[in-house]
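The values are calculated or read from the model by the stated rules, or taken from the named source; none is laboratory data. Keep in mind it's a predicted model, so treat the numbers as computed, not measured. Reconstructed Cβ throughout: ideal geometry from the backbone, glycine too, with neighbour counts over all protein chains shown.
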Amino acid sequence: MDDNAFNDRRGFVRGNLFLDIKYKVISREEYDKIKEGKDRGQSLQAGINQDIFGFNQGDTENFPNTFLVDFLLHIDKKLNNILEILTKDKGCNEIFSRGKGADISGSGMSLISERLIQPGRIIHAGFLLSRFPPVNVELFGEIVQAVPMDNEDKALYRYGIKFLDLNPEIRELIISFVFQGQREAIRGKKRKEVKGSDS
């Protein structure tokens, strides 16, 4: 198997994504304008923020403790909520919706949301892929599938999203995240098997 075929297959390996997703639905025309503007300068992706507190991903020795990280992320969420409330009062249509990630791969992801979105629409999504170190990812994707979910409390929809013009650096980060999750699941399963054989 050549390297290109191997890399293509890696991009379709899926992993669980139990994360909060912030997203905004935009039209194809809006996306094309964003793409046109970004093509003139930087890359289309709003991007990746691996050193959100001024530390590199591999610099775990000097990285702040997890309590500080949680505290700062909590403040960030509160500030986002305040900004959204203030923006909503002004009648602006820039409000972000919130959903839950279900799974993800290097080529797309699934999103669960109360909001009904028609296939073919584009979303601009942002989420925190890792808490330590914090990695904030923003990307664009097209809704290719919308499936109603059985739920007694409220209407929910599961959306299949195909990434658009995904930055290669972000794609590799997502693939690494998926494989790391799979390794942790295998280790957890082996630990259970060892415990079961000891008893």
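One residue is enough: does the range 76-96 have a residue meeting the conditions under 17 Å from Asn16 (Cα atoms) and either out of contact with any helix residue (DSSP H, G or I) (no Cβ under 8 Å at 6 or more places or on another chain) or at pLDDT 95 or above (or both)? No, that holds for no residue. Restricted to the range 109-124, and to residues that are farther than 18 Å from Asp20 by Cβ and either of a type outside the set (A, V, I, L, M, F, W, C) or without any contact (Cβ under 8 Å) to a residue 60 or more places away in the chain (or both), which residue is surrounded by the most Cβ atoms within 10 Å (Cβ to Cβ)? Only one residue fits best here, namely Arg121.
Screening Asn151 against (1) at pLDDT 95 or above; (2) exposed (fewer than 12 other Cβ atoms within 10 Å of the Cβ) leaves a single unmet condition, (1).
So that you can scan it fast, the table gives a plain yes or no per residue for (1) crowded, with 17+ Cβ neighbours inside 10 Å; (2) among the β-branched types (Val, Ile, Thr); (3) at pLDDT 85 or above:
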{"residue": "Val135", "(1), (2), (3)": "yes, yes, no"}
{"residue": "Ile143", "(1), (2), (3)": "yes, yes, yes"}
{"residue": "Asn167", "(1), (2), (3)": "yes, no, yes"}
{"residue": "Val178", "(1), (2), (3)": "yes, yes, yes"}
{"residue": "Ile186", "(1), (2), (3)": "no, yes, yes"}
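Would you confirm whether any residue within the range 164-180 is basic (Lys, Arg), farther than 17 Å from Asp103 by Cα and in contact (Cβ under 8 Å) with a residue 12 or more places away in the chain? Checking the range 164-180: not a single residue is basic (Lys, Arg), farther than 17 Å from Asp103 by Cα and in contact (Cβ under 8 Å) with a residue 12 or more places away in the chain. Scanning the range 131-156 for residues that are over 15 Å from the mean Cα position of the chain (by Cα) and within 24 Å of Glu30 (Cα to Cα) yields Val144, Gln145, Ala146.
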